[in-house]
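The values are calculated or read from the model by the stated rules, or taken from the named source; none is laboratory data. Because the structure is predicted, anything quoted here is derived from the model rather than measured. Cβ placement follows ideal geometry from the backbone for every residue including glycine, while neighbour counts extend to all protein chains displayed.
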Amino acid sequence: MGYPNSGALFKNDNKTTDKHPDLNGSCEVDGKKFYISAWLKEGKNSGKKFYSLSFKEAEQKEEDRSQAVPEKENDKTDDLPW
């Protein structure tokens, strides 16, 4: 990664809808890694542009994957008669 308490954002080349972030990247804060997503927005009253940010702890994302239903349990082909 880089230096402690720092990070980086990059243009999201995989953006296909407005819901996907314009930028994404990662950072490290107090020894914990976070993923960052950023959307370019415009203030309703001021018209000024700003970035809205979302942070997700990297370990949390990995835990989410490990709690997913195993593929075999999710396979519906066992109900087929052949």
Checklist entry - In region 10-49, what residues are surrounded by 12 or more Cβ atoms within 10 Å (Cβ to Cβ), touching an Asp or Glu at 6+ places or on another chain (Cβ under 9 Å), part of a strand (DSSP E or B) and not charged (D, E, K, R)? => result Phe34, Tyr35, Ser37, Ala38, Trp39
Checklist entry - Considering only region 1-27, how many residues are acidic (Asp, Glu) and modelled with pLDDT of 95 or more? => result 2
Item to check | Some residue of region 51-73 being at pLDDT 55 or above and at positive phi | outcome: no
Next on the checklist: Out of everything in region 13-26 that is out of contact with any Leu (no Cβ under 6 Å at 6 or more places or on another chain) and touching a residue at least 24 places away in the same chain (Cβ under 8 Å), what residue ends up being nearest to Ser52 (Cα to Cα)?
Outcome noted: Pro21
Next on the checklist: Any residue in region 38-56 that is within 25 Å of Asn14 (Cα to Cα) sitting within a Cβ distance under 9 Å of a residue that is of a type in the set (Asp, Glu) and surrounded by 11 or more Cβ atoms within 10 Å (Cβ to Cβ)? List the pairs, counting only those 6 or more apart or interchain.
Outcome noted: Ala38/Asp22; Trp39/Asp22; Leu40/Asp22; Tyr51/Asp22
